[in-house]
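The values are calculated or read from the model by the stated rules, or taken from the named source; none is laboratory data. Keep in mind it's a predicted model, so treat the numbers as computed, not measured. Virtual Cβ from ideal backbone geometry, glycine too; neighbours counted across all protein chains shown.
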Amino acid sequence: MQCRPFVQSAVAILAVLAAQPGASAQTSPFTVTSAASYQTTVAPDSLVSMFGANLAAAAASATLDANGQLPTQLGGISVLVDGQAAALLYVSPLQVNFLVPGSTTPGNVSVVVQRGSGTPLSGTMQVQNTALGIFTADSSGSGAGSILNAVTYAGAPFLVETTANTGSDKRTRLSVYATGVRYAGNPNHDPTVTNVAGAVDAEAQDTSGNHYSLTVEYAGAAPGYFGLDQVNLVLPPELDSAGVVSLTLAAELSTSNVVTFQMGSLPASEIGLAGITLDSTAVTGGDGLTGTVSLNAPARTAGFVVALRSSNGAVQLPLSLTIPVGQVSANFSIATSSVTTVQMVTISAQSGGTTQNATLEVDPLSTVRLTNFLIAPSSVQGGQTASGTVSLGAAALSGGASVQITSSSSAAQPPAAVTVPFGATSATFSIPTSVVTAPQTATLTATYGKVSLTAPLAVMPVLQLTLQSNTITGGNSVNGTITLGQTAPAAGVTLNVQCDNRAIAQPPLTVTIPGGQTSVSFVVTTIPVTASRTITITVSYGGSTQSATLTVNPAGTASLSSLMISPDHVTGGTNATGTATLGAPAPIGGTAVNLMSSNVFAAQVPQFIQVPQGQTSATFTITTTHSSATQTVTITGSTAGVSKSATLTVQ
């Protein structure tokens with residue numbers, strides 16, 4: 001089928017953002033997939049493709065209205081997602097491209113295609129907060145990714161350095177074009193959170209099976225385009241001359257499709273020193289430490305020779321260091337002598353007219369240093385106060401010692417500095433916290449001189465309500481847990497448990513958390529049902545209300561009952577077979593089971609398989625690759641809100 005690009009733009013990257021049907025079975029009346037990966041799980045504000053028959057009378061492409069918005073009616077049809085009109089980009093008899101409304105609630109969501117006076121087509125799609133998909137150059141969902149140099153906008157092959165970068169950091173940044181990324185780590189869709197790089201992982205693999213975790217500097221919406229996301233990555237020097245490199249992105253419960261990009265080679269004349277680092281920036285005279293010299297690309301030919309120098313005789317190091325062929329760094333040992341006053345020493349690495357420096361502070365034995373940093377308790381309810389203590393290795397000198405304190409989260413607000421008084425070796429301070437709606441861990445850092453120490457502080461919500469499973473077959477029971485942010489008082493705490501349909505699900509009317517405890521478990525029983533029902537269970541305490549939903553399905557619902565792998569131990573390069581089994585025969589049109597591998601480099605599975613109508617199981621092939629170390633991979637299947645997993649060991 002000839003398919004259409006998602007957006008009308010002269011920008012080269014968007015010329016390839018077209019949807020093509022994956023090579024998989026078609027369910028009736030249509031299937032909705034990610035427009036990038038063709039996986040059947042999609043995300044709010046992501047680009048998706050619907051494949052079916054007689055979806056629209058003719059092909060039509062969208063144009064923006066006077067307000068710069070996409071239409072919700074195109075070619076005589078509209079698409080409703082959970083009752084909301086979706087923005088349309090392209091429609092045809094066999095394919096519809098649209099944007100998932102940003103307010104769509106995760107879960108199994110209804111989709112209706114309204115066709116003028118014709119009979120509407122109804123189906124569903126699976127939505128979760130993130131559903132990472134990387135666009136590819138040929139719109140197939142695999143192969144070369146839609147990836148550009150983030151500075152020059154040039155395509156592959158890429159070099160590990162880009163001379164057009166401003167400043168001294170010449171490392172190449174890549175822009176990876178994707179969809180379903182922008183809300184990673186932001187389930188409430190806070191519009192002020194525009195960069196979710198901290199919640200996205202990027203992993204690359206070269207043709208030798210070596211893995212590299214890439215630094216993610218930006219992940220979020222690509223400016224100016226509906227549903228298009230952008231992930232900016234930093235290329236490590238190890239990828240120089242790597243040839244074809246595989247890339248995958250991961251966030252929350254989502255793993256993207258695997259795409260590739262091509263790496264070139266820096267000219268040998270451009271390989272040089274990138275930096276020198278020390279494993280400590282301050283030592284007591286007489287102690288030793290380790291230094292590391294790094295290059296901008298792997299050393300070639302006979303290795304890379306580096307001259308080493310110290311500006312002070314209190315620091316002794318080898319005269320030279322050779323970085324071996326194929327390596328980007330090498331370590332060397334540093335010895336120091338006892339000193340009577342603080343010595344600031346410059347350690348230099350030199351090669352080919354380039355010098356990289358690192359500074360080391362060598363202190364007398366009597367120097368006051370930060371030796372310990374403790375927080376108690378290590379977990380507090382938001383709004384309460386914790387206590388921090390900083391300790392020195394010797395008594396503070398005249399004027400006291402000012403220790404700087406920082407926090408990684410606004411949920412914990414320590415003072416900017418705490419002073420250890422003259423003659424004292426420690427000081428204690430208060431750490432106020434803010435009320436939170438979900439657990440947060442703040443990393444606090446204490447810094448004095450050249451020494452920094454960290455300690456974690458968990459900030460807990462007043463109340464949490466969780467269910468062991470959010471889906472159950474009617475007639476069975478499920479466990480729930482209520483957790484307080486702090487221990488219950490001596491008399492205990494009794495909480496009312498509300499349910500919006502006690503005719504189907506019966507949690508206890510009340511539960512009691514004993515004095516001195518923080519949580520209690522309870523059981524929700526259900527009755528058999530003839531159709532799926534979604535129940536809401538609610539508890540309140542201390543001005544906070546928490547709810548959890550439970551879907552009660554009819555007995556015999558064709559949900560996933562087991563996932564098995566045979567054999568469960570294989571040698572890399574050997575295939576294994578997976579079997580997905582339903583609890584009842586698949587209905588008309590069959591049942592799609594989504595599949596995911598926890599390590600797509602070690603073991604690859606199809607994006608989904610179809611259990612045929614009337615059957616209870618289907619098999620699929622797990623393809624493995626050689627690895628330098630044994631890998632344990634978790635394969636997960638999911639359908640009808642139920643997930644099952646099995647492990648495969650790849651040796």
Please verify whether segment 542-550 includes one or more residues that are out of contact with any His (no Cβ under 8 Å at 6 or more places or on another chain), more than 19 Å from Asn479 (Cβ to Cβ) and part of a strand (DSSP E or B). yes
Just wondering, is there one or more residues in segment 217-235 that are at pLDDT 95 or above, in a loop (DSSP other than H, G, I, E, B) and under 30 Å from Leu317 (Cα atoms)? no
Being of a type outside the set (Val, Ile, Thr), modelled with pLDDT under 95 and surrounded by fewer than 18 Cβ atoms within 10 Å (Cβ to Cβ) is true for just one of Gly492, Gly480, Gly485. Which residue is that? Gly492
Scan segment 597-647 for residues that are hydroxyl-bearing (Ser, Thr, Tyr), out of contact with any Ser or Thr (no Cβ under 8 Å at 6 or more places or on another chain) and closer than 25 Å to Gly107 by Cβ and jot them down. Ser638
Can you report the number of residues in segment 497-522 which are more than 18 Å from Thr473 (Cα to Cα), hydrophobic (A, V, I, L, M, F, W, C) and not in a strand (DSSP E or B)? 1
Give me the residue from segment 92-118 that is in a strand (DSSP E or B) and small (Gly, Ala, Ser) and, out of that set, surrounded by the fewest Cβ atoms within 10 Å (Cβ to Cβ). Ser110
Given (1) modelled with pLDDT under 90; (2) within 24 Å of the chain's Cα centre (by Cα), index of the condition Leu444 fails: (1)
Scope segment 211-222; condition closer than 20 Å to Ala274 by Cα and in contact (Cβ under 8 Å) with a residue 40 or more places away in the chain; matching residues: Glu217
Hey, Asn129 of a type outside the set (D, E, K, R), touching a His at 6+ places or on another chain (Cβ under 9 Å) and assigned to a loop (DSSP other than H, G, I, E, B) or not: yes
Identify the residue in segment 502-528 that is of a type outside the set (S, T, N, Q), over 16 Å from Thr466 (Cβ atoms) and in contact (Cβ under 8 Å) with a residue 40 or more places away in the chain and, among all such residues, is surrounded by the most Cβ atoms within 10 Å (Cβ to Cβ). Ile504
Among (1) crowded, with 19+ Cβ neighbours inside 10 Å; (2) in the same structural domain as Ala58 (by TED's automatic domain parsing); (3) of a type outside the set (Ser, Thr, Tyr) - the single one Asn149 does not satisfy: (2)
Which condition number does Thr359 fail, the rest of (1) more than 22 Å from Val315 (Cα to Cα); (2) exposed (fewer than 14 other Cβ atoms within 10 Å of the Cβ); (3) β-branched (Val, Ile, Thr) being met? (1)
Could you grab me the full set of residues in segment 160-169 that are crowded, with 16+ Cβ neighbours inside 10 Å and more than 19 Å from Gln205 (Cβ to Cβ)? Glu161, Thr162, Asn165
All positions within segment 29-53 that are more than 19 Å from Ser638 (Cα to Cα), part of a loop (DSSP other than H, G, I, E, B) and modelled with pLDDT under 90: Pro29, Ala53
In segment 320-337, residue farthest from the chain's Cα centre (by Cα) [restricted to those that are without any contact (Cβ under 8 Å) to a residue 40 or more places away in the chain and assigned to a strand (DSSP E or B)]: Ser320
Looking at Thr292, Thr389, Thr385, which is the one that is more than 25 Å from Thr419 (Cα to Cα), hydroxyl-bearing (Ser, Thr, Tyr), touching a Ser or Thr at 6+ places or on another chain (Cβ under 9 Å) and modelled with pLDDT of 95 or more? Thr292
Pick out the one residue from Thr194, Thr248, Thr207, Thr179 that is under 19 Å from the mean Cα position of the chain (by Cα) and closer than 22 Å to His626 by Cβ. Thr248
Extreme residue, surrounded by the fewest Cβ atoms within 10 Å (Cβ to Cβ), among residues of segment 223-272 that are without any contact (Cβ under 8 Å) to a residue 24 or more places away in the chain and within 23 Å of Val48 (Cβ to Cβ): Pro223
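Listed here are the residues, each with its yes/no results for (1) closer than 21 Å to Gly220 by Cα; (2) not assigned by TED's automatic domain parsing to the domain that holds Val259.
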position: Met125; (1), (2): no, yes
position: Phe158; (1), (2): no, no
position: Thr163; (1), (2): no, no
position: Ser168; (1), (2): no, no
position: Ala178; (1), (2): yes, no
Thr494 assigned to a strand (DSSP E or B) and free of Cβ contacts under 8 Å to residues at least 24 places away in the same chain: yes
Out of all the residues in segment 133-179, which are among the hydroxyl-bearing types (Ser, Thr, Tyr) and under 29 Å from Ser294 (Cβ atoms)? Thr152, Tyr153, Thr162, Thr163, Thr166, Ser168, Thr172, Ser175
Quick one: is Ala358 outside the structural domain of Ile323 (by TED's automatic domain parsing) and either at negative phi or modelled with pLDDT of 95 or more (or both)? no
Being touching a residue at least 12 places away in the same chain (Cβ under 8 Å) and in a loop (DSSP other than H, G, I, E, B) narrows it down to one of Gly286, Gly275, so name that one. Gly286
Consider Thr581 carefully, then state whether it is of a type outside the set (Gly, Ala, Ser) and either closer than 30 Å to Gln613 by Cβ or part of a strand (DSSP E or B) (or both). yes
